[in-house]
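Asks: Can you read through this structure? Questions will come right after.
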Amino acid sequence: MTSPHYLIIGNGAAGVSAAEAIRRRDARGRITILSDEPYRMYSRPGIAYYLLNQVSEQQVMCRSQNFYQTHQFNLLFRTVTSLDVTHQLVHLENGQTIAYDVLMLATGAKATPPTFPGNDLEGVFTLDTLDNAKRIVASSRKAKTAVVIGGGITAMEMAEGMRRQGLQTHFLQRGSRLWPRLFDERESGVVEQQIRHEGIHLHYNEEIVEAYGKNGKVAGVRLQSGREIKCQMIGAAIGVKPNMTLVHGLPIEQQQGILVNEHLQSSLPTLFAAGDVAQAYDRWTKTPQLDILWPTALQTGQIAGHNMVDVAYGRKPSATYQKSSPFNAALLFGVHVTVIGRIGVKSDRGENEVEQISHLSRGASQIWTAPFAATYRSAWDNKGDNSVRITVQDNTIVGALLMGNQELADPLRHLIDQQILVPTAETLLATGSQLPHVIATLWQSHLSSPPLSFSSSAQNNNRFTS
Ligand SMILES: Cc1cc2nc3c(=O)[nH]c(=O)nc-3n(C[C@H](O)[C@H](O)[C@H](O)COP(=O)(O)OP(=O)(O)OC[C@H]3O[C@@H](n4cnc5c(N)ncnc54)[C@H](O)[C@@H]3O)c2cc1C
């Protein structure tokens with residue numbers, strides 16, 4: 001048998017981890033990686049830090065110059081324009097056609113463009129590629145004022161980044177506080193304080209109704225309140241969507257993303273998908289969900305690559321993907337924020353109301369709310385700007401939000417992911433300021449001697465201090 005040809009569209013976390021997994025199992029197979037961005041693999045989360053002047057372009061790169069050569073990966077900077085899944089061919093924009101034995105789609109996600117009139121003026125930016133980040137930096141040199149819209153992490157990163165580029169920055173929020181679908185009031189307040197400390201002008205209950213220009217370039221925005229802000233740049237981070245252009249109209253099962261089974265295989269056996277573009281079974285909601293996060297892209301890419309080798313050699317896929325609890329760590333205006341699993345946001349209607357549960361993926365539009373009826377309760381503790389909030393359903397912690405001190409991030413990730421039994425929410429609530437210590441104890445006792453025994457009279461030995 002001749003060596004199979006593995007074709008991977010996408011040179012990001014999912015595509016490259018798939019290529020590495022293939023090479024570990026198949027030393028001879030031909031591996032081609034296609035990318036429409038002219039860079040070796042880089043950290044997409046890292047472009048936010050590039051905008052903050054905290055890392056250089058070189059530091060954003062995740063793989064060395066000779067990595068592709070060493071692994072015999074043929075990296076081509078070419079845009080794929082269409083797929084012919086019947087004849088197993090991909091068509092490139094330069095007219096070239098490439099045949100494959102097994103195909104992997106790892107095309108990522110794209111920022112949703114804003115829709116206000118004037119959205120096509122020069123000076124309107126999204127933040128999803130290194131090139132966009134570089135354009136923002138270059139434009140900032142000639143601009144004075146920027147207006148940023150969006151409610152999630154990327155919007156905050158953009159506002160902070162534009163401020164660090166020396167711009168007068170206005171940050172518009174549709175609601176009356178920051179990120180109400182995830183933060184409680186106190187948490188919103190902590191971040192708000194930092195935003196004001198950075199010198200960013202924060203406007204609540206505001207949005208852009210129109211951008212106007214001069215010579216095709218942004219000159220200002222009109223707001224819902226009737227106010228006007230003169231500006232030369234607009235940053236929009238209003239959501240992200242899987243990059244599905246190549247599969248539209250093809251006989252491949254798809255919803256918001258490409259539907260894949262537990263082997264990351266699509267409804268066509270020789271086509272795999274991983275990363276932001278894949279919609280895989282989610283054990284928490286028991287439905288296929290998108291998961292626009294870096295660790296998911298690495299993990300799914302690896303499993304898909306492993307299974308592509310099986311399929312190339314006529315075997316059944318042998319690696320199974322089990323989704324971990326979603327985990328996102330971010331530095332927002334100097335505040336460390338980690339969100340794990342599903343977070344309950346209390347309604348304003350009283351202590352015993354059923355909480356609304358949110359799961360964070362990337363981009364405000366990717367927060368989903370649990371469709372099932374279940375009772376969740378939150379327990380929390382804070383010391384100054386450090387806080388921990390957990391969401392408990394029956395006897396398991398299903399989610400956590402940490403601000404400031406991050407010591408409990410790994411313990412909580414473990415307890416949530418492994419669905420370790422814990423005392424009820426009521427018992428945890430009663431621990432008051434001992435909550436962080438109780439969490440640490442639960443984790444330690446589970447590591448050392450499962451099944452765990454729990455005493456609610458925790459020692460006065462709090463590791464979670466500021
Ligand atoms: C600003 C920012 C900050 C982020 N921060 C975090 C964070 O803190 N934590 C976290 O977990 N996640 C974060 N993310 C999300 C994370 O970066 C993504 O989930 C991850 O990069 C997805 O990897 P991927 O391989 O699926 O796709 P991508 O990294 O997007 O790669 C897609 C690849 O497909 C290629 N491609 C697409 N279409 C074509 C085509 N037609 N032809 C050829 N090539 C094509 C592209 O060139 C690219 O190489 C952030 C994202 C952004 C934008």
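Asks: If I model a spin label as a point 7 Å beyond the Cα along the Cα-Cβ vector, how far apart are those points for residue 427 and residue 99 in nm?
Replies: Going from the residue 427 label point to the residue 99 one covers 6.5 nm.
Asks: Once you have the Cα-Cα distance between residue 267 and residue 54, take 0.36 nm times their residue separation minus that, and quote the gain in nm to one decimal.
Replies: Values: separation 213, 0.36 × 213 = 76.68 nm, distance 4.26 nm.
Gain on extension, residue 267 to residue 54, equals 72.4 nm.
Asks: Hey, another quick one. Counting C-alpha atoms alone, how compact is the chain: give Rg to one decimal and Dmax as a whole number, in angstrom.
Replies: Using the Cα atoms of the chain, the pair Rg, Dmax is 23.6, 71 Å.
Asks: Roughly what % antiparallel, to the nearest 5, for the DSSP beta bridges in region 124-238? Mind dumping the intermediate values first?
Replies: On the way: 9 of 23 bridges.
Of the beta bridges lying entirely in region 124-238, close to 40 percent run antiparallel.
Asks: If packing is taken as the average count of other Cβ atoms within 10 Å, what order do 71-78, 434-441, 379-386 fall into, highest mean first?
Replies: Numbers: 71-78: 16.2, 434-441: 22.4, 379-386: 18.0.
Top of the packing list down: 434-441, 379-386, 71-78.
Asks: Out of the total accessible area of region 124-238 (probe 1.4 Å, heavy atoms of protein only), what percent is carbon and sulfur? Working shown, then result.
Replies: Values: 2110 of 4810 Å².
Carbon and sulfur: 44 percent of the exposed surface of region 124-238.
Asks: Given 31, 405, 447, which one lies farthest toward the positive end of the charge dipole of the chain, if we put +1 on the Cβ of every Lys and Arg and -1 on the Cβ of every Asp and Glu?
Replies: Result: 31, furthest along the dipole toward the positive end.
Asks: Between residue 316 and residue 77, what is 0.36 nm times their sequence separation minus the Cα-Cα distance? Round to one decimal in nm. Before the final figure, lay out each step's value.
Replies: Working: separation 239, 0.36 × 239 = 86.04 nm, distance 3.18 nm.
Gain on stretching residue 316 to residue 77: 82.9 nm.
Asks: Given a cut-off of under 8 Å on Cα pairs at least six residues apart, what relative contact order in percent is computed for region 71-175?
Replies: Details: 93 pairs, mean separation 15.5, N = 105.
With pairs under 8 Å counted, the relative contact order is 15 percent.
Asks: Additional query: Please work out the average accessible area per residue across the chain, using the 1.4 Å probe convention, and give it in Å².
Replies: Details: 20110 Å² over 466 residues.
With the other protein chains kept in place, the chain gives 43 Å² per residue.
Asks: Arrange the peptides 305-311, 132-138, 178-184 so that the one whose residues have, on average, the most other Cβ atoms within 10 Å appears first.
Replies: On the way: 305-311: 25.0, 132-138: 17.3, 178-184: 20.6.
Result, highest mean Cβ count within 10 Å first: 305-311, 178-184, 132-138.
Asks: Cα-Cα over 28 Å: which of 241/383; 144/383; 241/286? The partial results should precede the final answer.
Replies: Numbers: 241/383 37 Å; 144/383 38 Å; 241/286 21 Å.
From 241/383; 144/383; 241/286, over 28 Å: 241/383; 144/383.
Asks: Over region 124-238, what lengths in whole Å, largest first, do the semi-axes of the equivalent ellipsoid take, defined as the square roots of 5 times the eigenvalues of the alpha-carbon gyration tensor? It would help to have the intermediate numbers written out before the result.
Replies: Working: eigenvalues 100, 54, 30 Å².
So the three semi-axes of region 124-238 are 22, 16, 12 Å.
Asks: A follow-up question, please. What's the magnitude of the charge dipole for region 124-238 around its Cα centre, counting Lys and Arg as +1 and Asp and Glu as -1 at the beta-carbon? Answer in Debye, nearest 20.
Replies: Working: 17 positive and 13 negative charges, 124 e Å.
Charge dipole of region 124-238: 600 debye, to the nearest 20.
Asks: Figure the gain on full extension for residue 3 and residue 92 (residue separation times 0.36 nm, minus the Cα-Cα span) and round it to one decimal in nm. All intermediate terms of the calculation are to be shown ahead of the outcome.
Replies: Values: separation 89, 0.36 × 89 = 32.04 nm, distance 2.29 nm.
Taking 0.36 nm per residue and subtracting the Cα distance, the gain is 29.8 nm.
Asks: Can you tell me which lysines have their Cα less than 18 Å from the Cα of residue 142? Leave out same-chain residues fewer than eight positions away.
Replies: 134, 214, 217, 230
Asks: Something else: Within region 155-187, find all residues whose amide N lies under 18 Å from a label point positioned 7 Å from the Cα of residue 214 along Cα-to-beta-carbon.
Replies: Those under the cut-off are 168.
Asks: Once Lys and Arg get +1 and Asp and Glu get -1 on their Cβ, which of 387, 96, 309 lies farthest toward the positive end of the dipole of the chain?
Replies: 96
Asks: For the chain, what is the charge dipole size about the Cα centre, in debye to the nearest 20, if Lys and Arg each add +1 at the Cβ and Asp and Glu each add -1 at the Cβ? Write down the numbers at each step before the final one.
Replies: Working: 42 positive and 40 negative charges, 173 e Å.
The calculation lands at about 820 debye.
Asks: I want the local charge near residue 200. Using Cβ-Cβ distances under 14 Å, sum +1 for each Lys or Arg and -1 for each Asp or Glu among the other residues.
Replies: Values: positive: 163, 164, 196; negative: 157, 160, 192, 198, 206.
That sum, taken over residues with Cβ under 14 Å, equals -2.
Asks: Among the DSSP beta bridges whose two residues both lie in the chain, what percent are antiparallel, rounded to the nearest 5? Don't skip to the end; give the middle numbers.
Replies: Details: 58 of 91 bridges.
Percent antiparallel among DSSP bridges in the chain is about 65.
The values are calculated or read from the model by the stated rules, or taken from the named source; none is laboratory data. Predicted model, so just to flag it, every value in this text is computed and none were measured. Heads up, the Cβs are rebuilt from the backbone with ideal geometry, glycines too, and the neighbour counts pull from every protein chain shown. Accessible surface is based on the protein model in full, side chains and every heavy atom, while ligands, DNA and RNA are left aside. Shrake-Rupley method; radii C 1.70, N 1.55, O 1.52, S 1.80 Å.
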